[in-house]
Structures are given as structure tokens and as C-alpha cells.
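The values are calculated or read from the model by the stated rules, or taken from the named source; none is laboratory data. For clarity, every value in this text was computed on a predicted model and none was experimentally measured. All Cβ positions, even for glycine, are placed from backbone atoms using ideal geometry, and neighbour counts span all protein chains on display.
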Amino acid sequence: MAELTETMAQGPGGDSAALARTMDQAVKAVARMEGKYLTFAMAGEEYGIGILKVKEIIGMMPVTTIPRTPDFVKGVINLRGKVIPVLDLRLKFGIHELEYTERTCIIVVESGPKAGDVLIGIVVDAVSEVINIKADDIEETPTFGTKLNTDYILGMAKMGGGVKILLDIEKVLTAQELDLMASMKEKSSSPPAEAAAEETPEEETIEQAAQEETPAETVSGLMPEEAIAEVAVE
């Protein structure tokens, strides 16, 4: 790609120079994608999320449903005292819903303009491994036409004769959906003082209900132990 950039830069006219700059930017963008990714399976395809965005991996656990939310929003969980919104990535991507199994996992990721702004759990079919992807193995996202938004895809990684779709977790949710997730967490964690004072013993906040649920299980047996340790270290 660098040779192509140089050749284009030597061509006559401003168009060649502009194309050269575009190619140079593309090369730098791909280089920034290089690094470690947590890979997971969903609907027969392999996806990857930058390891620095992954906070934890847990087995599937009961989820407290929140009414009047989009179908892909499953509800909230209580993870050691933290209320975390959970979404089903299959439904978010328009893939048919699948019954959860012992391989189903919740990947807890950071999403938002600032690190740690919002912790979100995403439900996937199964976690695979942590892999190091080099820039030479990454290509930009193909163009599928103006009507199809692929901004949430960082790039395509060529691995083992197949392709892994690298996700930009910051762009999987729209700004409005991210605001919804943040408000779900806030409302679940901090009920209004007046409402809390008027509660009867039978009434519960979402957080109180979540705290009575089964504790989260680790992913031992769901993915290689060394991969779990690597996520924990990161």
C-alpha cells in the first residue's frame, strides 16, 4: 500500500496528490487498528473487540427486564453491586434471536466519550480467544452502498483463511441509545428519595430486585484460561 501511495504522489495534477494523502490516511488508520482483540462467535461469524474496551467476561445470568425499552435491550444485571445495562448483540444487528446455552456469554465493555463512562454488557453466542492482529492482516471495511451504515465496523481481519469483523464498540450504539443505557443505570442505581421513602416492604427498586438474583459466574470453561487471564490483566 505504501508503494501505491508513493506512485500516486509522483503522478501529475492535484488529484494524484489528494489520492496519495487519502491512501496515506488509510494506511495510518489501519496501523492504529493493530493490537489485541477479544474474539467471539455470533450467528456463525467471528467478531473482535479491542481488548482495552473489555472489562470482564461472565456467564449468562438472570436479567431484570426494563419495560418500554427496545427489543435488543434485555434489561439490567447486578454485577457485584454495580447495575449494568445488557443488550443482545444478535437483536441489535437484526439477527434472529437464539436460545441461550451454557456457551452464551456477557462481555462487559466500556462505551462512551470517556473511559468508564458507561459499562454495558453485550450478549454473544460464545467467546473464542484473545488474539494479536497485525496491521498487515487488516483491511478497511468494504463499501456496501450509501444506504448501509457500517461506521461501527473498524475493519476486516484476515485470519486463518477466514475473516473476523472488528467492531468499534463506541459506534455499535447510537448517541440516543447510549443515553438510554446511561439513564437505565442511573435510574436503577439511584431511585428518587421521595419515592424510596414511600416504598412499602413489597415494593422494590430495579437494583434491589437485581441484587437478589443469582451471582454472576465466571467464564472458566467457556474460553481458554490463558485468554481469561489476559482480559483480567488488561
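Some notes on this structure:
- Pair list, Cβ under 6 Å, 6 or more apart: segment 49-68 residue among the acidic types (D, E), other residue outside any loop (DSSP other than H, G, I, E, B) and buried (at least 18 other Cβ atoms within 10 Å of the Cβ): E56/V108
This table checks each residue for (1) acidic (D, E); (2) surrounded by fewer than 15 Cβ atoms within 10 Å (Cβ to Cβ); (3) modelled with pLDDT of 90 or more; (4) more than 21 Å from L52 (Cα to Cα).
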| site | (1), (2), (3), (4) |
| --- | --- |
| D117 | yes, yes, no, no |
| I120 | no, no, yes, no |
| V124 | no, no, yes, no |
| V127 | no, no, yes, no |
| I131 | no, no, yes, no |
| L167 | no, no, yes, no |
| E170 | yes, no, no, no |
| T174 | no, yes, no, no |
| E177 | yes, no, no, yes |
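- Considering residues of segment 37-94 that are surrounded by 17 or more Cβ atoms within 10 Å (Cβ to Cβ) and part of a helix (DSSP H, G or I) only, the residue farthest from the chain's Cα centre (by Cα): L91
- Sole exception among (1) surrounded by 16 or more Cβ atoms within 10 Å (Cβ to Cβ); (2) at pLDDT below 95; (3) under 27 Å from A157 (Cα atoms) for C105, by number: (2)
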